[in-house]
Each structure stands twice: as C-alpha cells, then as structure tokens.
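A short write-up of the structure that comes next.
The values are calculated or read from the model by the stated rules, or taken from the named source; none is laboratory data. Please read all numbers here as calculations on a predicted model, not as lab measurements. All Cβ positions, even for glycine, are placed from backbone atoms using ideal geometry, and neighbour counts span all protein chains on display.
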Amino acid sequence: MTVSLTLDHITAHYGSTQVLEDLSLAIKAGELVSLLGSSGCGKTTTLRLVAGFLEPTSGTIRLGERDLTRLAAHTRDIGLVFQNYALFPHLSVRDNVAFGLKQRGLGAAERTARANAMLERVGLSSFADRMPAALSGGQKQRVALARALVIEPPLLMFDEPLSNLDAKLRVDMRVEIRRLQRANGTTSLYVTHDQEEAFSISDRVAIMNAGKIMQLDRPEVLYQRPANAFVARFVGFENLIAMSVTAREGEMVTAVTQSGATLQLSQTVFGAIPDRFVLAARPEGLAVAREGEGIPVTLGIRTYLGRAYQYQCATAEGNYLGNGPLTDLMEPGAAAVLIPVPEQCCILPSDA
Amino acid sequence: MRTTLHPALIVIASIIFIILIAPLFIILGAAVSDTNYLTFPPQGFTMRWFTNIFEISAFRTTAITSLQIAFFGTFLALLIGIPAAYALNRFRIRLPSWLSNVFVLPILVPEIVLGFSLMKSVTINLGLPVFATLMLGHALLVLPYAVRVVGASLASFDFSIEEAAISLGCPPLKTFLTVVLPNISAGVIAAFILAFITSINDVSISLFLTGPGISTLPIQILAHMEQFFDPTIASVSVLLMLLTVGVMAIVEATLGLTFLTK
C-alpha cells in the first residue's frame, strides 16, 4: 500500500507572516525525501501542514487519491517521529507502541502481539515492560519509530529525529531508519538541518530557504551540480566568482572577473555558458599556484588541512579560498594565481 | 569549605522563625487551659474544650458545610481552571500576555471587596440559594490556585506528546483525557489540595455570603468567639491546623512540598 504525497501550490502564514510561498512538492510512492534547510526556512511548517497541526492559507495536500488539506489531524493516518521522542511518559514501552493500534479498535491480544513483533524488529523486546523514563535517547527513538511504524501508515514523517542523539548513535539510527523504511516501502518525508544526514538517508533532498524549495534533486546532483547560488553555498561551494563573457570561439569561452582577470572555459566541460554567470567552486576546486593562467591573487592566512594547504586569497573584488599542494609551501603576502579545476567547478546563472 | 553566618543574620532569622511558629503554640496552650476564657499561658490542663466542640451542634453542621463548600467549590474551580490553564499554555504564543494575569485577579482584589460584590451581584440580584452562592464564591476565590498550579505542571509538559497521540489516531478530547491529564495529575492533585485548604480557612468571602441557616466553620468560630470567648475556639483552631498539617504531610509524602511552590 504505497502511495505518493503531493503538495500543490501551498502557501502558509503565521498570523500575517508568510512562512511558505507557493510550495509544490511531489514525493513518489515508497520514496524518502528530505527537507533540508536552516531554522526558519519552512521545513518544519511543511511537515506540520501535512500532519494537520497547521492549515495552509491556500493549496492542496494529497496522499495518494486522498485530499488531506482540510482533514482533522487524527484521521490522516500518518506515522510521526519527533525530535524529542514524544513518548507517553505514563505508558510502558509496549503500551506506547500499541497506542495507535488501540485507537484503531484492535483487541488487547492482537495489540500486544503486534507491538511485541514491532519491538522485536527494532531490537527492544526485552524493554517492553519498562517505562520510557528508564530508556536511553537512542532506545527512546527506536520506540518512537516502532510506535509510528506499527500502525502501518501510508506516510511516515520525521521531524529532526536524530538531533538529540550523540554523533555515533545518529549514524546507527539513520541506517536503522533507512532499513525499516526500505523494508516497508513507506513513502517518507524527513525534516533535518543536517546536510550529511539528509544526503545519506534520502532518495531526493529538497533544499529550502525562506519558505521556498531552492532545488529538489538526488543528493549527488545537489552536491555536484547546484542549480543556484544559494544551493551552491549550502553544499560548500564557498567561492562564487561573478564573470562575464568577452569572446567566444567554438567551444571555448573567454570570460573576465569583475577585477579584470581572464579565464578560458570550455563548454564541453561546463555546458552552455551564458554571457553573465557565476563560477562556483569549493576550495579544492581552485588550485593555488605560483604562476599560470588564472586569477591573480595575494595570499593571506594559510591553514593546514592534512591533504592540502588552504590559502585565503585576496583579489580586488574580494577574498576566495583555494587549496595549494603539500609539496609547495607558499608564504602569506606572496603573489599567486588561482586556477579553476574544471571538473570541480560549476556554472550558475548570474543572480543579477 | 564552611560559610560563616553573620551573627545579626542568625538573630533576625531566629526572630522570624519564632514569630512564625509562636501563634501555633499559643493556640495549642490556650486550647488546654482550664479557664472559662481564652488565655495564655494556660492555667491548668483540660481536654474539655475539645469535647465541648462536639457538644455544640453548630460546629458539627458548619464543619460539614465547610467541607462540602470546599469540595464542590474546588471541583468547580478545577473544572474551569484546568481547561483555562491548558489553553493559556498551549496557545501561549497566540494569546495576549495579560490574559493569564486575569486569572490571578481574585488574589489581587481584597477579599472583602470580592465578598461584598458577590453578595451584591449573586445573592441580591440573582437571588441564588445561599449554598450555591457560597460555592460560587469559593470557586472564584480558589480559581487562581487551580490555574497557577495546574499551569506550572503544564508548563513542563511537552505538547509534542499530545501531537503524537493525535497523529496515531486519537481524537483531541480523548487525547486530553487519556494522555495530557494523566501526565499533569500531580499538578491537579496539588491544585486541589491548595484550593481545598484555602477554601476551608476562608473568612472574608464567607462572611458576606453565609445566610440564614447556612454557615461555614470559620464563621461559626468567629460567632462563637464574639459570644463566649472561651477556649473552644482555640481547640477548634487546633483541629483545623491538624487537618491542614495532615493534608500537607500527605502531599509531602506523595508529591513533595516543593511541588506547591514551583
């Protein structure tokens, strides 16, 4: 019973403040999609709209054929996992897991059997009679996961489920979540501010900013081919160099930076290059060399990264970060050039 | 490391402590005094003032009335106070900040004024029976305790627990009753006890609202003192104190007294 989740032109407000602006999102049946962004970007609002704890100003939310938009939250049939676990403190672990089944009118014997089976799957059989307060954070989140899964919901939603756990446990738990989600083939919406978490767990990731989805794609695409400056910066392209084309000759394009440095770029590598564009590069995508064809810079602070030296590079238009080889130590104040490594750079449309 | 206390601090603290505790001993002493008038220190020793309480039927009937008023008044206050405290906490961001203070007003308004206005509005204008009026008055008197103490309990309640229950298919009202309420029960019990004791001990409001044939214990004590001024009053007070201490001991043993102050 796998279904898709479709959000269609959703706009939402808190009072008079708009928090989501014409947001559309389609999650395919069985897919896990993450909403990734910093706090206040609207990712949690989106989840709460789907859960039914908030109502959109306009737009529709559809789960399969069912229109959820105006349905009462308790009739939506969605499994939810919260950041702070939200276990019922007054119920045992088993009763926590069986809670949803009880609401569905299942008899005591069947409830217990299914709750036990679910606890078995998350490896907590021996904890069934304990109270939540007697569990560790990781165990609590497993119980929360079991509680959400046992009702076999067509949609699972996770609201920063690993943020309260320590680093090691976080990695274990996300593998566990992925395993259970895959095994059940449950369509899932996962909210997080942690890029590594989102990229490692998701089929696709939506990077959000100011109530809008900036880009929705597979993690590999987001990481290597961001579609705009916001996403580029978000995934670590720290250097955004504004450029304009001065000459075209076959596949080769000649472009200048704002401070007049000239670069030759091949459209075979980058695809079609518009007249005005932004060259985006991570520090490892800008090689620092003593001489060559590149952007002339004055070296600033040097830091040792283990695999390379990283230099702050000053130009008339601003500072960039570039990496230099371990074999050639350059001193601050020296003149050098930044040479873009084509495979590690990408071309973005100009913001202006 | 040892902190040394300033001698003046010890003196001041001792004086305050004595002022706090002395009346209890004076009442206890006066209650066993073998004299026909209230006096301290006691002269002689007798328990006859305690037995005297039970021979005066007015003490018995007013005690029963007091318990009934305290019980139903507190119940009514909780019936209003729990949902109010819930709403004030749940929708804190959306509600104006002065709203929660409205529920403290009965504490701020002098009780005499409260009693008088209740008499004017409820007894005279509405013509409600005395018992109902007393119950309403006491409910109003103890409402601030209900809202505040239950509110303190709700302030530390994680409302995502409620959302979890709803997402699992539990309707909102049922969620409140089966998930929220069991988790704030300690606060509800504490609120009940505080409100109950406040109601039992109230004079000012009852003074205005008692009527023909119906009175509360504190009012009866007052009346008895005006008429007789004998140690019976002290012995009733001792019993009232024992009741309060007993209730507090139960609270301390079950919830801890810090519960009432947090």
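Would you please name the residue that is farthest from the chain's Cα centre (by Cα), looking only at residues in region A:309-328 that are of a type in the set (S, T, Y) and assigned to a strand (DSSP E or B)? Reasoning before the result, please.
Within region A:309-328, the subset of a type in the set (S, T, Y) is A:309, A:311, A:315, A:320, A:327.
Then drop every residue that is not assigned to a strand (DSSP E or B), which leaves A:309, A:311, A:315, A:320.
Numbers: A:Y309: 29, A:Y311: 29, A:T315: 33, A:Y320: 25 Å.
The extreme case among them is A:T315.
Would you confirm whether any residue within region A:200-214 is at pLDDT 95 or above, more than 20 Å from A:L338 (Cβ to Cβ) and basic (K, R)?
yes
Of A:R302, A:R282, which residue is basic (K, R) and out of contact with any strand residue (DSSP E or B) (no Cβ under 6 Å at 6 or more places or on another chain)?
Testing whether each residue is basic (K, R) and out of contact with any strand residue (DSSP E or B) (no Cβ under 6 Å at 6 or more places or on another chain) leaves just A:R282.
Quick one: in region A:148-174, of everything that is without any contact (Cβ under 8 Å) to a residue 60 or more places away in the chain and within 17 Å of A:M118 (Cα to Cα), which residue is nearest to the chain's Cα centre (by Cα)?
My answer is A:M173.
One line per residue, one yes/no per condition, for (1) aliphatic (A, V, I, L, M); (2) more than 19 Å from B:I197 (Cβ to Cβ); (3) in contact with a Lys or Arg (Cβ under 8 Å, 6 or more places away or on another chain):
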site: B:S66; (1), (2), (3): no, no, no
site: B:F75; (1), (2), (3): no, no, no
site: B:P83; (1), (2), (3): no, yes, no
site: B:R94; (1), (2), (3): no, yes, no
site: B:F131; (1), (2), (3): no, yes, no
site: B:V147; (1), (2), (3): yes, no, no
site: B:A155; (1), (2), (3): yes, yes, no
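What is the residue count in region B:96-117 for residues that are of a type in the set (G, A, S), part of a helix (DSSP H, G or I) and surrounded by fewer than 20 Cβ atoms within 10 Å (Cβ to Cβ)? Walk me through how you get there before you give the answer.
Filtering region B:96-117 for residues of a type in the set (G, A, S) gives B:97, B:100, B:115, B:117.
Imposing the further condition that a residue be part of a helix (DSSP H, G or I) reduces the set to B:100, B:115, B:117.
Now narrow it down to the ones that are surrounded by fewer than 20 Cβ atoms within 10 Å (Cβ to Cβ): B:100, B:117.
Count: 2.
Taking A:G185, is it touching a Cys at 6+ places or on another chain (Cβ under 9 Å), of a type outside the set (S, T, N, Q) and not assigned by TED's automatic domain parsing to the domain that holds A:T315? Write out each step before concluding.
Values: touching a Cys at 6+ places or on another chain (Cβ under 9 Å): no; of a type outside the set (S, T, N, Q): yes; not assigned by TED's automatic domain parsing to the domain that holds A:T315: yes.
Criteria not met by A:G185.
Just checking: which of the helices (runs of 4 or more DSSP H) contained wholly in region A:81-176 hold 3 or more residues that are in the same structural domain as A:L32 (by TED's automatic domain parsing) and surrounded by fewer than 18 Cβ atoms within 10 Å (Cβ to Cβ)? Steps first, please.
Details: elements: A:93-103, A:108-121, A:137-149.
Qualifying helices (runs of 4 or more DSSP H): A:108-121.
Does A:A232 satisfy being under 26 Å from A:A198 (Cβ atoms) and not in a strand (DSSP E or B)?
yes
So, in region A:317-333, how many residues would count as being among the aliphatic types (A, V, I, L, M) and surrounded by fewer than 12 Cβ atoms within 10 Å (Cβ to Cβ)?
Within region A:317-333, residues that are among the aliphatic types (A, V, I, L, M) and surrounded by fewer than 12 Cβ atoms within 10 Å (Cβ to Cβ) number 1.
Exactly one condition in (1) within 12 Å of chain B (Cβ to nearest Cβ); (2) of a type outside the set (K, R); (3) more than 21 Å from B:S160 (Cβ to Cβ) is not met by A:S4; state its number.
(1)
Name the residue, out of B:L207, B:L242, that is surrounded by 15 or more Cβ atoms within 10 Å (Cβ to Cβ) and of a type outside the set (S, T, Y).
None of the others qualify; the one that does is B:L207.
For (1) within 14 Å of another protein chain (Cβ to nearest Cβ); (2) of a type in the set (K, R), each residue gets a yes or a no:
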site	(1), (2)
A:R130	no, yes
A:G138	no, no
A:D159	yes, no
A:R170	no, yes
A:N184	no, no
A:R204	no, yes
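Return the only residue of B:I82, B:I93 being surrounded by 18 or more Cβ atoms within 10 Å (Cβ to Cβ) and hydrophobic (A, V, I, L, M, F, W, C).
Numbers: B:I93 fails: surrounded by 18 or more Cβ atoms within 10 Å (Cβ to Cβ).
The conditions single out B:I82.
Just the residues that are more than 9 Å from every other protein chain (Cβ to nearest Cβ) and either assigned to a loop (DSSP other than H, G, I, E, B) or of a type in the set (G, A, S) (or both), please, taken from region B:154-177.
B:A155, B:S156, B:F157
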